[in-house]
Amino acid sequence: MLSARRLARHPWVCSAAALVLVLAVLRPVPLTRIMTGWPPPGWAFALCDVGQGDAMVLAAGEGTGVVVDTGPDPRPVDRCLRDLGITRVPLLLLTHYHADHVRGLPGVLRGREVGAVQTTALQEPAEQAAFVRRTAAAAHVPVVPAVPGERRRFGPLDWQVLWPAAPVPGAAPYSPTEPNDASLTLFARSGALTLLLLGDLEPPAQQGVIRTYPALPRVDVLKVAHHGSAYQDAALLRSARPRLALISCGTGNPYGHPAVRTVEALRAGGAKVMRTDTDGAIAVSGAGAGLRAAGRS
Ligand SMILES: [Zn+2]
């Protein structure tokens, strides 16, 4: 297991190799989008456009991707994975059981080899948890709980489950009672690219992450918590200091996502902000100063 200190000591390598381009993250002007095909060559991470919900993919080799969440509907995530050429999913992580993260499950399973579904411990809302168990069982895909702090590798990827946290000796165990705060939170690497994926964590759990990992390093990509809602912990954003902040939300959603103040706070911290409601699906390649992101819209 990676300790918080060891995470901080990781040598973040800045890749100078510019992959085919589209939008230089650190050079937002001009915003010329030269799209010659999708996905852009060398993509390592993609945020699907699934409307109001989350679904994302970490590229794990030819036709293979680790998928995180499924969005609210099978069709958009199926289309996104098909467009990315994903036919094998060694692991599908469901951050929590809200419908906008799990109801697209049949779309991920459709015509693909899925090794296992991994979930958070809190089985709430119970109706959606039952839907996941039933749907996965029908496809003969095992559902396994994530172990706090566990670290996994697959192909070019490695990641650690930062949250929910392992119990701290001598402290009262923290058990989230609200689905958003039970979101599996991942620190992931693909080569030199670093990502922090926050699910729908609310501030109490965001503060729990930063308490558990006070030396959380700067990341290239932040999947902003809870569709860019107004409720973001400033200390976590300061610590992560993302180069690129990605928000998944639906056009004209009734929740006002993303909040203006969240977008402004991310920009003030130096991040380029992209969002699926205006940029469409978003693909990321490179790392560090060579980070590139392309929107499909
Ligand atoms: Zn959500």
Discussion item. Is it the case, given these coordinates, that Gly63 is surrounded by fewer than 24 Cβ atoms within 10 Å (Cβ to Cβ) and out of contact with any helix residue (DSSP H, G or I) (no Cβ under 9 Å at 6 or more places or on another chain)?
Written reply: yes
Response to the item:
Of (1) touching a Cys at 6+ places or on another chain (Cβ under 9 Å); (2) more than 27 Å from Leu291 (Cβ to Cβ), Ala192 satisfies every one except (2)
Worksheet item: What are the residue pairs meeting all of these: first residue in region 53-66, first residue in a strand (DSSP E or B), second residue surrounded by fewer than 20 Cβ atoms within 10 Å (Cβ to Cβ) and among the small types (Gly, Ala, Ser), Cβ atoms under 8 Å, and 6 or more apart or on different chains?
Response: Thr64/Gly155
Worksheet item: Restricted to region 277-297, and to residues that are part of a helix (DSSP H, G or I) and not β-branched (Val, Ile, Thr), which residue is surrounded by the fewest Cβ atoms within 10 Å (Cβ to Cβ)?
Response: Ala289
Discussion item. Quick check on Ala165: is it over 12 Å from the mean Cα position of the chain (by Cα), at pLDDT 95 or above and more than 16 Å from the ligand (Cβ to nearest atom)?
Written reply: no
Worksheet item: Can you tell me which residues in region 150-201 are acidic (Asp, Glu) and surrounded by fewer than 22 Cβ atoms within 10 Å (Cβ to Cβ)?
Response: Glu150, Asp158, Glu178
Worksheet item: Which condition does Gly191 not pass, out of (1) modelled with pLDDT of 95 or more; (2) of a type outside the set (S, T, N, Q); (3) out of contact with any strand residue (DSSP E or B) (no Cβ under 6 Å at 6 or more places or on another chain); (4) within 16 Å of the ligand (Cβ to nearest atom), if it passes all the others?
Response: (4)
Worksheet item: If only one of Ala225, Ala234 is out of contact with any strand residue (DSSP E or B) (no Cβ under 8 Å at 6 or more places or on another chain), among the hydrophobic types (A, V, I, L, M, F, W, C) and closer than 19 Å to Val161 by Cα, which one is it?
Response: Ala225
Item to complete: Restrict the check to region 168-186 and report whether at least one residue is closer than 29 Å to Thr64 by Cβ and more than 16 Å from the ligand (Cβ to nearest atom).
Response: no
Item to complete: Just name the residue that is modelled with the lowest pLDDT out of those in region 206-240 that are of a type outside the set (Asp, Glu) and closer than 20 Å to Gly286 by Cα.
Response: Pro217
Item to complete: Determine whether Val144 is loosely packed, with under 14 Cβ neighbours inside 10 Å and of a type in the set (Val, Ile, Thr).
Response: yes
Worksheet entry | Extreme residue, farthest from the ligand (Cβ to nearest atom), among residues of region 81-128 that are under 18 Å from the mean Cα position of the chain (by Cα) and in a strand (DSSP E or B) | Val89
Worksheet item: What is the number of the single condition among (1) in contact with a helix residue (DSSP H, G or I) (Cβ under 7 Å, 6 or more places away or on another chain); (2) outside any helix (DSSP H, G or I); (3) within 16 Å of the ligand (Cβ to nearest atom); (4) within 21 Å of Ala293 (Cβ to Cβ) that Thr262 does not meet?
Response: (2)
Discussion item. Going residue by residue through region 30-40, is there one that turns out to be in a strand (DSSP E or B), touching a residue at least 60 places away in the same chain (Cβ under 8 Å) and under 18 Å from the mean Cα position of the chain (by Cα)?
Written reply: no
Worksheet item: For residues in region 129-144 being at negative phi and in a loop (DSSP other than H, G, I, E, B), which is farthest from the chain's Cα centre (by Cα)?
Response: Ala139
Practice prompt. Scan region 235-246 and give yes if some residue there is crowded, with 21+ Cβ neighbours inside 10 Å and within 19 Å of Val77 (Cβ to Cβ), otherwise no.
Written response: yes
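The values are calculated or read from the model by the stated rules, or taken from the named source; none is laboratory data. Quick caveat: nothing in here was measured; it's all calculated off a predicted structure. A quick note on method: Cβ atoms are made from the backbone with ideal geometry, for glycine too, and the neighbour counts reach across all protein chains shown.
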